[in-house]
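Just so you know, all these numbers are worked out from the coordinates, no wet-lab data involved. Computed from a predicted model, the values in this text were never measured in an experiment. So basically every Cβ, Gly included, is an ideal-geometry build from the backbone, and we count neighbours across all protein chains shown.
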Amino acid sequence: MLVLSRKKNQSIKIGDDIEITVLAVDGDQIKLGIEAPKNLDIHRKEVYLAIQEENSQAAASVSVVGLQEFLKGK
């Protein structure tokens, strides 16, 4: 893991297309601004993990037989 120290209004760049700026520091919280291409999804980690879990559950609930029957009906 790369660890960087930044102050308010300072930024880091990730590649050519992503810039993360420290907007505010208040106690143990910081506010970050992220500039990135619109086609790039950005989520808080807990939201990302919840999406991954839902996708895994959805994929597990689809059976091969059910999928074959669905495709035959088309």
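Points to keep in mind about this one:
- For LYS13, the aspartates and glutamates whose Cα falls under 15 Å of its own Cα, not counting residues fewer than eight places away in the same chain, are GLU35.
- Across the chain, C-alpha contacts under 8 Å between residues 6 or more apart give a mean separation that, scaled by the residue count, equals a relative contact order of 16 percent.
- Using alpha carbons only: equivalent-ellipsoid semi-axes of the range 20-74, gyration tensor based, whole Å: 41, 15, 5
- Bridging of LYS45 to aspartates and glutamates at a Cα separation below 16 Å is possible for GLU53, GLU54, once same-chain residues fewer than 8 apart are set aside.
- Ordering LYS45, LYS13 by the number of other Cβ atoms within 10 Å of each residue's own Cβ, fewest first, gives LYS45, LYS13.
- Compared with the dominant principal axis of the Cα atoms in the chain, helix 45-60 is inclined by about 10°.
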